[in-house]
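Contents: one structure, followed by commentary.
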Amino acid sequence: MSRVRADEEEYWHSSKFRAFTFDDEDDELSQLKESKRTVNSLRDIVDDDDDDLERVSWSGEPVGSISWSIKETASGSTSSLDGRDSSLQKGSSSYAALPKQGSSYSLSSLFKGRNKLSSFQSLSDALTDTGVKNYAPELRRPKAEYKDYSSDWSPRDTVRRMQRGKVCSLERFRSLQDKLVLLDEAVAGHDGNVITAVLIFLKRTLRREILFRELEMRQVALCHLIHFLREMGEQKFLLDLLRFLDRTEEVALSQYQEHLNIQDVEKRREFLKGCIGLPFSAEDTSHIQDHYTLLERQIIIEANDRHLEMAGQSELFRKYPRKASILNMPLVTTLFYSCFYHYTEAEGMFSSPTNLKKTFKIPDKQYVLTALAARAKLRAWGDVDALLTTKNWLGYTKKKAPIGFHRVVEILQRNNAPVQVLQEYVRLVEDVETRLNLATKYKCHDVVIETYRDLKDRIQLTAYKCKVERGSAEEEKIHSILSNMVRN
């Protein structure tokens, strides 16, 4: 028994760990962790099954003695720390100072995980009430960690901690001056998340008039707030801010955006009609007027086409059923729809493509591109030819494509146009290299042969002869051209 106690004394003297104290001035987390490891490591020298091993309480008295029982019972009635214990002494040996616990747990309780006496609950049971036992008391956090929630941080320090993702309370900044300094520090930190967080705090704690007045002198923060309000859909607050700043055009645009939240088409039309009188710029006013006019046209077209489709009176609607409603579609989509279902209608009809072109001043290039795609999808090659044919004042006709014939060929090919139709428009491509590439890619053999003939390129003609079918008309044509070149 004396040998064991001697080993314990040797351990205390030779331990590399320092004793733990509840010193408020010592806020080094590493020291606390070392103290916890010290207590935990004591368990390694204790044999749980050795009942003869004399155990020592926090007071230094042997466990089970009369003085130990009295002191343990008395300590259970107190709940606060009353200073520090003096150094534990037993005989001539000095023990490292251990903190006095304001509870009824002995050191043996910490070793064993529970006390054999039924009147004392183990530390682990009190803290967690689970089957897992802690063999050392929970060390409290160092004082430095509590500064996150204290009122000691300056605006600059607060912003820096927010940038590092620390939890910081902004409620301590109560005066207007402190709040503005905090905002200026956030802007100087160039961190959008921090700026937005501070603005949300100011928005919640300041009157609108004061906030608007101060933001008017801080354009960076103002832009952040406007963007935040738009993203969050706080339309009323945003309109109040823009009115205060006298940004009439932005107020009008913000009000105009409200139409996106209106589902009923008639209510949306009436709303757009009311937006026409808002103080937009001249260009924006024209767009709002076009939007209102387009929606009116779409309502009329949709009603008529739905009736025709349900009645089954139109062969085109039976063959190509509509996939979606035309309501609220963009202008280009509406034009494509009109070119697909109403291409031959007179200009006086609202659904006529030429009426749409004239009403909304659609450029020739956009009109030809859209109409070509619609008619090619229907494989109406005659309409395609008429669309690209123009007549001069003498009555002569010629092919003309504002979008370029190379794009015409690509659109026709995507819609599976016959080779004869493709060849007609590949020949009209002015650039020789582009023409050869398109003709080779889409196997327009006649165009390739004629182009090499015009270039008088015998080598390419001879090489191309291997790419056409043997005995075909194209091979005969190449032989004839090569023979004429020899004679000449």
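The values are calculated or read from the model by the stated rules, or taken from the named source; none is laboratory data. This one's a predicted model, so the numbers in the text were calculated from it and none came from an experiment. FYI the Cβ positions are ideal-geometry reconstructions off the backbone, even for glycines, and counts take in every protein chain you see. The accessibility values were calculated without ligands, DNA or RNA, using every heavy atom of the protein model including side chains. Shrake-Rupley method; radii C 1.70, N 1.55, O 1.52, S 1.80 Å.
Considering each residue of the stretch 421-449, count those that are at negative phi, assigned to a loop (DSSP other than H, G, I, E, B) and open to solvent by 50 Å² or more (accessible area, probe 1.4 Å), and give that number. Let's see the steps before the verdict.
Filtering the stretch 421-449 for residues at negative phi gives 421-442, 444-449.
If we keep only those that are assigned to a loop (DSSP other than H, G, I, E, B) as well, we get 427-431, 442, 444.
Keeping just the survivors that are open to solvent by 50 Å² or more (accessible area, probe 1.4 Å) gives 427-428, 430-431.
So the answer is 4.
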Looking at this structure, is SER118 over 27 Å from the mean Cα position of the chain (by Cα), modelled with pLDDT under 50, open to solvent by 30 Å² or more (accessible area, probe 1.4 Å) and of a type in the set (S, T, N, Q)? yes
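When you go through ALA417, ALA463 one by one, which is the residue that is in a loop (DSSP other than H, G, I, E, B), of a type outside the set (Phe, Trp, Tyr) and either on the phi < 0 side of the Ramachandran plot or surrounded by 18 or more Cβ atoms within 10 Å (Cβ to Cβ) (or both)? Reasoning before the result, please.
On the way: ALA463 fails: in a loop (DSSP other than H, G, I, E, B).
Selected residue: ALA417, the only one of ALA417, ALA463 that is in a loop (DSSP other than H, G, I, E, B), of a type outside the set (Phe, Trp, Tyr) and either on the phi < 0 side of the Ramachandran plot or surrounded by 18 or more Cβ atoms within 10 Å (Cβ to Cβ) (or both).
Mind checking which residues of the stretch 450-460 are assigned to a helix (DSSP H, G or I) and surrounded by fewer than 18 Cβ atoms within 10 Å (Cβ to Cβ)?
Hits for the stretch 450-460 are GLU450, ASP454, LEU455, ARG458, ILE459, GLN460.
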Scanning the stretch 316-339 for residues that are open to solvent by less than 50 Å² (accessible area, probe 1.4 Å) and of a type in the set (Phe, Trp, Tyr) gives PHE317, TYR337
For the subset of the stretch 216-234 comprising residues that are open to solvent by less than 40 Å² (accessible area, probe 1.4 Å) and free of Cβ contacts under 8 Å to residues at least 24 places away in the same chain, which member is nearest to ASN328 (Cα to Cα)? LEU229
Determine whether LEU278 is under 30 Å from PRO353 (Cα atoms), among the hydrophobic types (A, V, I, L, M, F, W, C), open to solvent by less than 70 Å² (accessible area, probe 1.4 Å) and out of contact with any Asp or Glu (no Cβ under 8 Å at 6 or more places or on another chain). no
